[in-house]
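Reviewing the structure listed below.
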Amino acid sequence: MRTDNDSWDITTSVGATALVATAMRAVENRRPDALFRDPFAEKLVAAAGLPVWDRILRGELPELDESAAPGFELVLQSVAARTWYFDRYFEAAAADGIQQMVILAAGLDARAYRLDFPSGTTVFELDLPKVLEFKAATLADAEPAGTRRQVVGDLRQDWPKALHDTGFDPSSATAWLAEALLHYLPADAQNRLFDEIDALSAPGSTVALQFPNARQSAKLVAARARMTEVTGLELESLMYPMAGRNDPREWFARRGWRVVPTDLASVLTGCGREVPGAAQEINSQTLMTATR
Ligand SMILES: C[S@@+](CC[C@H](N)C(=O)[O-])C[C@H]1O[C@@H](n2cnc3c(N)ncnc32)[C@H](O)[C@@H]1O
């Protein structure tokens with residue numbers, strides 16, 4: 001159950017969803033044909049010290065095999081596809097000369113360490129304090145590419161101030177990312193977030209995000225329920241209803257951004273990977289990039 005000012009660490013409430021995403025990246029990272037390499041994912045999940053996630057990492061959890069949890073493969077492949085897509089997004093932004101990257105709700109995203117950002121790049125990672133503390137402590141020995149700045153902020157409150165205070169420059173073009181975030185924000189906070197991104201974006205800025213579609217695949221919902229049973233994390237009840245939100249595609253287009261949406265099945269197919277099940281099952285989310 002969510003409340004207006006609720007807070008969390010990496011093992012509780014919305015914080016633990018960062019752990020779920022990272023466990024999925026760790027599983028993908030082990031595949032010989034992985035769509036990306038995230039050498040930090042396994043270490044981050046292990047450091048959280050939750051036995052169930054250790055078992056998932058060791059592949060010792062038959063309760064989450066596809067036969068016991070139909071749809072779990074969809075969850076894995078969704079994370080693989082979106083990670084690939086947002087990695088390409090940042091690479092393209094860097095190639096276009098953008099030097100300021102802002103990862104909203106960064107969680108245990110290790111792009112600041114694992115992507116080859118050119119020198120002169122600053123990666124701002126915003127999240128709640130305990131999530132960032134955990135990541136900084138666990139990756140203390142790792143060397144980020146470029147400069148990494150932690151922004152302790154809550155996206156339901158005055159986060160632009162926290163961003164300014166860590167050296168963000170609104171007159172420079174920015175590449176924004178909101179990955180696996182929007183459904184954890186109340187509708188009014190999501191609507192405000194778009195206003196704030198728009199206000200802070202110099203010409204040439206880009207934004208990439210992922211948002212749930214109105215129709216959710218029954219298989220994915222069932223897989224999340226199964227993960228809840230197995231891990232004890234109440235995944236579904238952490239999400240806010242989708243009603244009352246601006247559609248990101250229309251919202252950014254109306255403000256003059258050039259919007260390019262895509263879907264997870266197309267990303268997987270483009271990577272030469274077979275889509276598990278029917279395309280509409282994995283396409284419970286839309287991916288989008290917009291350029292000002
Ligand atoms: C599913 S995780 C995604 C993390 C990361 N973007 C990824 O894809 O791995 C959701 C993240 O959103 C963060 N988050 C949710 N609501 C937030 C808020 N109001 N302010 C800051 N961070 C928030 C959580 O702490 C968590 O790290």
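Of note:
- Any hit, the stretch 104-118, residues being free of Cβ contacts under 8 Å to residues at least 24 places away in the same chain and either closer than 24 Å to SER266 by Cα or assigned to a helix (DSSP H, G or I) (or both): no
- Of the residues making up the stretch 111-131, those that are surrounded by fewer than 22 Cβ atoms within 10 Å (Cβ to Cβ) and more than 9 Å from the ligand (Cβ to nearest atom) are TYR113, ARG114, LEU115, ASP116, PRO118, SER119, GLY120, THR122, PRO129.
- Residue in the stretch 41-60 that is assigned to a loop (DSSP other than H, G, I, E, B), buried (at least 17 other Cβ atoms within 10 Å of the Cβ) and of a type in the set (D, E, K, R) present: no
- Matching residues, the stretch 135-188, being part of a helix (DSSP H, G or I) and within 17 Å of the chain's Cα centre (by Cα): LYS135, LEU182, HIS183, TYR184
Read-outs: derived from the displayed coordinates by stated rules, not from any lab. The model shown is predicted, which means the values in this text are computed figures rather than measured ones. Note: ideal-geometry Cβ built from the backbone for every residue, glycine included; neighbour counts use all protein chains shown.
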